[in-house]
Amino acid sequence: MAKLSRQTRQKHLLQEELDKFTSFFTGEELFEKARKKDSKLGLATVYRFLKDLREKRVLHAYSCNRQMLHSTEEGGHCHFICEQCGKTEHFHLNKIDFLKQGIKGDVCHFQLDVHGICEACKKHMV
Ligand SMILES: [Zn+2]
Ligand SMILES: [Zn+2]
Ligand SMILES: [Zn+2]
């Protein structure tokens with residue numbers, strides 16, 4: 001059997017470490033984990049790896065707190081942002097049929113920012 005190239009070995013390592021994440025993660029987090037096992041690993045390799053997976057649509061990117069988060073879940077990423085105090089809360093949407101109705105292409109993943117007044121601020125208003 002041919003010896004695996006370093007590139008292939010690094011990909012295997014990255015995939016292994018990626019599988020350990022149960023939730024959203026950043027490229028840097030994946031880099032930190034994988035580099036403990038391969039000190040020659042470069043950040044650019046990690047980003048290329050992630051981009052590849054995004055193009056294959058097995059990985060999805062969301063922007064959160066000025067960071068790019070990744071997840072293997074297509075479930076989407078939703079924020080509820082309070083106009084009053086600026087606090088951001090995450091919430092889940094299970095049904096996205098209403099989105100699909102308005103879109104002609106294939107939906108892969110989605111990100112939603114909903115703005116309003118949070119519960120705590122609502123109480124202060126009365
Ligand atoms: Zn996607
Ligand atoms: Zn978020
Ligand atoms: Zn608020």
Can we say HIS79 is part of a loop (DSSP other than H, G, I, E, B), crowded, with 16+ Cβ neighbours inside 10 Å and in contact with a strand residue (DSSP E or B) (Cβ under 6 Å, 6 or more places away or on another chain)? no
Given (1) more than 10 Å from ligand 1 (Cβ to nearest atom); (2) without any contact (Cβ under 8 Å) to a residue 12 or more places away in the chain; (3) within 30 Å of GLN15 (Cα to Cα); (4) in a loop (DSSP other than H, G, I, E, B), number of the condition ASP52 does not satisfy: (4)
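Being surrounded by 15 or more Cβ atoms within 10 Å (Cβ to Cβ) and more than 13 Å from ligand 1 (Cβ to nearest atom) is the filter here, so list the residues in the stretch 82-98 that pass it. Steps first, answer last, please.
Of all residues in the stretch 82-98, those surrounded by 15 or more Cβ atoms within 10 Å (Cβ to Cβ) come to 82, 96.
Once the filter is applied, which keeps residues that are surrounded by 15 or more Cβ atoms within 10 Å (Cβ to Cβ) and more than 13 Å from ligand 1 (Cβ to nearest atom), the stretch 82-98 yields only CYS82.
Before we move on, is PHE31 away from ligand 2 (no atom under 15 Å from the Cβ) and either more than 20 Å from HIS90 (Cα to Cα) or in contact with a strand residue (DSSP E or B) (Cβ under 6 Å, 6 or more places away or on another chain) (or both)?
yes
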Contact list please: Cβ distance under 7 Å, first residue in the stretch 92-120 and at negative phi and without any contact (Cβ under 8 Å) to a residue 24 or more places away in the chain, second residue in a helix (DSSP H, G or I) and surrounded by 11 or more Cβ atoms within 10 Å (Cβ to Cβ), pairs at least six apart or on different chains. VAL107/LEU99; VAL107/LYS100
Evaluate the stretch 94-105: report whether one residue or more is under 16 Å from SER23 (Cβ atoms), among the small types (Gly, Ala, Ser) and either modelled with pLDDT of 90 or more or away from ligand 2 (no atom under 12 Å from the Cβ) (or both). no
Qualifying residues in the stretch 99-114 (those that are surrounded by fewer than 13 Cβ atoms within 10 Å (Cβ to Cβ) and assigned to a strand (DSSP E or B)) - the one farthest from ligand 3 (Cβ to nearest atom): ASP113
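Would you please name the residue that is nearest to the chain's Cα centre (by Cα), looking only at residues in the stretch 58-98 that are among the acidic types (Asp, Glu) and within 21 Å of CYS118 (Cα to Cα)?
Initial filter on the stretch 58-98 (among the acidic types (Asp, Glu)): 73-74, 83, 89, 97.
After this cut, where a residue has to be within 21 Å of CYS118 (Cα to Cα) as well, the list is 83, 89.
Working: GLU83: 24, GLU89: 16 Å.
The qualifying residue nearest to the chain's Cα centre (by Cα) is GLU89.
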Taking the residues in the stretch 66-76 that are within 12 Å of ligand 2 (Cβ to nearest atom) and assigned to a loop (DSSP other than H, G, I, E, B) as candidates, determine which candidate is nearest to THR88 (Cα to Cα). ARG66
Among (1) more than 16 Å from ligand 2 (Cβ to nearest atom); (2) surrounded by 12 or more Cβ atoms within 10 Å (Cβ to Cβ); (3) of a type in the set (Gly, Ala, Ser), which single condition is SER63 missing? (1)
Any residue in the stretch 73-89 that's not assigned by TED's automatic domain parsing to the domain that holds THR22: show its pairings with residues that are within 7 Å of ligand 3 (Cβ to nearest atom) and charged (D, E, K, R) at Cβ separation under 6 Å, as long as the two are six or more apart or on different chains. none
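The values are calculated or read from the model by the stated rules, or taken from the named source; none is laboratory data. Since we're looking at a predicted model, the values are computed, not measured. Here Cβ is always computed from backbone atoms with ideal geometry, including for glycine, and neighbour counts include all displayed protein chains.
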